[in-house]
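Q: Take this structure, written in structure tokens, and hold onto it; I'll ask about it next.
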Amino acid sequence: MIGKINSIETMGLVDGPGIRFVVFMQGCPIRCLFCHNPETWNINDKCTCYTPEKLVKKIINYKPYFKDNGGVTFSGGEPLMQKEFLLKCLKLCKKNNIHTCLDTAGTIDDCEEILKYTDLVLFDIKGTNKDNYKKMTGGNINNSINFLKLCQKLNKKMWIRCVIVPGINDNITYIDELATFIKEINNVEKIELLPYHTLGVHKYKELGIKYQLENTPEMNIEKCKDLENYLKNGLTK
Ligand code: SF4
């Protein structure tokens, strides 16, 4: 069995607790307007192939850095696109007592087995209803909702993340909708609003893909923090 890996970050500090070995997997079924990793979209694009054993052996080498709360994070792209490979890697990680995180938008169905071997889900909210989800990703919200329901059924610990884009969702109406959406989710340990940035724009040119947010400025970091505080206040009401 072979997995397609776009890249690896050995000492990640933002994608889960502690120091993380982050695996950016190839392939994504949706097309977020703000995506800064378009090179991960096409599962057939150039990438590195690993067997689960080879990848987990590499992860084990970094175990001393994980200490009490670090571990591995499978990200992407959409890591669920390579379900069988992911499952095998997760099983091997758990066998080796490694904390496992899944950074996902939940766009693929039938993930119960994968979630059994996942300690923490970093869930990316792309939209709160079918219309704003479609506008932001070009996709259908149903799989994400079903994935969330499954996380709830299995009592998974969750971190919630949402990218805030000027002129699209940087408004109080959206943040109120987000609060209503998040209130329905149990076991949420952390919520982050991430400011839209333009660091990946050059990749679109290189790949010959039209960048749809061409005239959109970066999200003001302080305004994004204010919206995050407003959201968190709303959740306590
Ligand atoms: S889910 Fe992630 S990789 Fe896929 S398009 Fe959205 S931001 Fe990009």
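Q: Cβ under 15 Å from residue 219's Cβ, residue 219 left aside: what net charge do those residues give with Lys, Arg +1 and Asp, Glu -1?
A: -3
Q: Describe numerically, in nm with one decimal, the distance between label points set 7 Å from Cα along Cα→Cβ at residue 67 and at residue 188.
A: So the label points at residue 67 and residue 188 sit 2.9 nm apart.
Q: Can you tell me the alpha carbon radius of gyration of the stretch 32-172 divided by the globular rule-of-thumb value 2.2 N^0.38 Å?
A: 1.10
Q: Let me check against my output: what whole-number percent is the relative contact order of the stretch 24-158, with C-alpha pairs under 8 Å and at least 6 apart?
A: About 25 percent, as a whole number.
Q: Once you wrap a convex hull around the alpha carbon atoms of the stretch 89-178, what is its projected area averaged over all directions, in nm²?
A: Orientation-averaged projected area of the Cα hull: 6.3 nm².
Q: Could you work out how far helix 52-61 tilts from the main Cα principal axis of the chain, as a 0 to 90 degree angle to the nearest 10?
A: The two axes meet at around 90 degrees.
Q: With label points built 7 Å along Cα→Cβ from the Cα atoms of residue 140 and residue 226, find their separation and express it in nm.
A: 3.9 nm
Q: What number comes out for accessible area per residue over the stretch 21-130 if the probe is 1.4 Å? Units Å², please.
A: Result: 42 Å² per residue.
Q: In the chain, how does Rg compare with the Kirkwood Rh, expressed as the Rg/Rh ratio over alpha carbon atoms?
A: Radius of gyration relative to Kirkwood radius: 0.95.
Q: Follow-up. Test of understanding: in a Gaussian network model of the chain with alpha carbons linked when under 10 Å, which of 86, 213, 102 would top the mean-square fluctuation ranking?
A: Sorting by GNM fluctuation, first place goes to 213.
Q: Just the ratio, please: alpha-carbon radius of gyration of the stretch 136-237 over 2.2 N^0.38 Å, N its number of residues.
A: Normalised Cα radius of gyration, the stretch 136-237: 1.22.
Q: If you don't mind, there's one more thing I want to ask. Go through the cysteines of the chain and tell me which have no other cysteine Cβ under 4.7 Å away.
A: 28, 47, 49, 89, 93, 101, 111, 151, 162, 224
Q: Another question, if that's okay. State, as an integer percentage, the relative contact order of the chain based on alpha-carbon contacts under 8 Å between residues 6 or more apart.
A: 17 percent
Q: Over the stretch 15-166, what percent of the accessible surface lies on carbon and sulfur atoms, probe 1.4 Å?
A: Carbon and sulfur atoms account for 49 percent of the accessible area of the stretch 15-166.
Q: Let me ask something else. Whole number in Å², please: accessible area per residue of the stretch 173-224, 1.4 Å probe, ligands, DNA and RNA not counted.
A: Result: 66 Å² per residue.
Q: Right, here's the next one. Identify all lysines with a Cα-Cα distance to residue 135 below 18 Å; exclude those on the same chain that are fewer than 8 residues away in sequence.
A: The qualifying lysines are 126, 210.
Q: Using just the Cα positions, wrap the stretch 1-80 in a convex hull and report its mean projected area in square nanometres, one decimal place.
A: Averaging across all directions leaves 5.4 nm² for the Cα convex hull.
The values are calculated or read from the model by the stated rules, or taken from the named source; none is laboratory data. Computed from a predicted model, the values in this text were never measured in an experiment. So basically every Cβ, Gly included, is an ideal-geometry build from the backbone, and we count neighbours across all protein chains shown. Calculation scope for accessible area: heavy atoms of the full protein, side chains included, ligands and nucleic acids excluded. Shrake-Rupley method; radii C 1.70, N 1.55, O 1.52, S 1.80 Å.
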